[in-house]
Each structure stands twice: as structure tokens, then as C-alpha cells.
Amino acid sequence: MKARSVLLASSLDELRGLGSYLEIKNSLEKEIDNKLGVRGWKSLFHKIQFIKESVLTNKIIITKMDQGKSFKESKSDISKALGINLTAKGWEDFNRKINLIISVFYSESFDPYSYYEKTKLKKFKDSSKLEGIDIELSDKSASLESVLEKYKR
């Protein structure tokens, strides 16, 4: 079971419809490599919502929280912010778990326009190959119009 489908559940009934309690709980704990500390459907649902909200609002703070503090203080502060008891044996393990939690619980909304802007030059280059035109895009600041002007027939 993927965590994404669990995180999209907007109600307790939707969460229950995704599978058994243990299956959902164990799958989430496996993905973040940490125990959630929940007992029952309600606490699982509320913990998921709390962590999602906490990661969404405090993502930058969570990633920068360890600077200038001891390992124990950082672990305690982030555990409080996320609402779960992080179990890490060192800085490397601690940072890995924070990154796992952020990657699982942080979701940005998909913006089709920004995706198009990021991929249009590559897609144009790839489609030009189908026409037998090999385009070099060594300059990242090259606009689509300048490329069209250069290869105009």
C-alpha cells in the first residue's frame, strides 16, 4: 500500500476503506522508518492529519532546526513539532528519517503551467529528433523563439 493513497483520505471512513488498520499503520511506519505511536483508527487518522499539517507549515523550520543544537535537543524539538517520537542513533540516521517524513507527508499541488514551462524545451528537442532535426540546447537561457529562428527552413 502506498502512503500517497492513505494521505489523500479526507475522512476516517475513507481511511478505513483503504484496508485494515494494521496494514495501513505498518505501511506508513515502514515508509518513514519510525513508529507513529497510535492505537486505533481515530488516533491514526488524527496523527496522519497532524503530521501532514506540521510538515506542510514547518518544512523549512524542520530541515534547519538541527543547526547549532545538540543531537538530543534537535531530536526532541523535531519530535515535538511532528508529534511522533523520532528514534535515531546519530545525525545521519536522524536526517535520513526527517527527509523520509518530509518526502512522504509533504505534498505540493501540481501546477500544469509550471510543469509545462520546465519541460517544454526538452520536449521540443525530442520531438524535433522525430523530424530529423538535431537541436543543441547547450545554453539554458535559450528561449524557444531563438531556437526556432536558428533552425528555420
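For this structure, a couple of remarks:
- Acute angle (nearest 10 degrees) that the helix 21-32 long axis makes with the longest principal axis of the chain, alpha-carbon atoms: 60
- On Cα atoms only, tilt of 71-82 relative to the major axis of the chain in degrees: 80
- Computing FRET efficiency as 1/(1 + (r/R0)^6) for T57 and S114, where r is the C-beta to C-beta distance and R0 is 22 Å, gives about 0.55.
- Computed from Cα atoms, the angle from the helix 91-105 axis to the main principal axis of the chain rounds to 70 degrees.
- Taking the stretch 1-43 and a reference point 7 angstrom along Cα→Cβ of Q49, the backbone N atoms nearer than 11 Å belong to 10-13, 42-43.
- Local electrostatic count at S54 - Lys and Arg +1, Asp and Glu -1, tallied over other residues with Cβ under 14 Å: +2
- Structure-derived Rg and Dmax of the Cα atoms in Å - corresponding label in [x] 22.2, 69; [y] 18.9, 60; [z] 15.2, 49: [x]
- For the chain, the fraction of 1.4 Å probe accessible surface lying on carbon and sulfur atoms is 54 percent.
The values are calculated or read from the model by the stated rules, or taken from the named source; none is laboratory data. No experiment lies behind these values; they were computed from the predicted model shown. When we count neighbours, we look across all protein chains shown, and the Cβ atoms used for this are built from the backbone with ideal geometry, even at glycine. Accessible surface areas use protein heavy atoms only, side chains included; no ligands, DNA or RNA. Shrake-Rupley method; radii C 1.70, N 1.55, O 1.52, S 1.80 Å.
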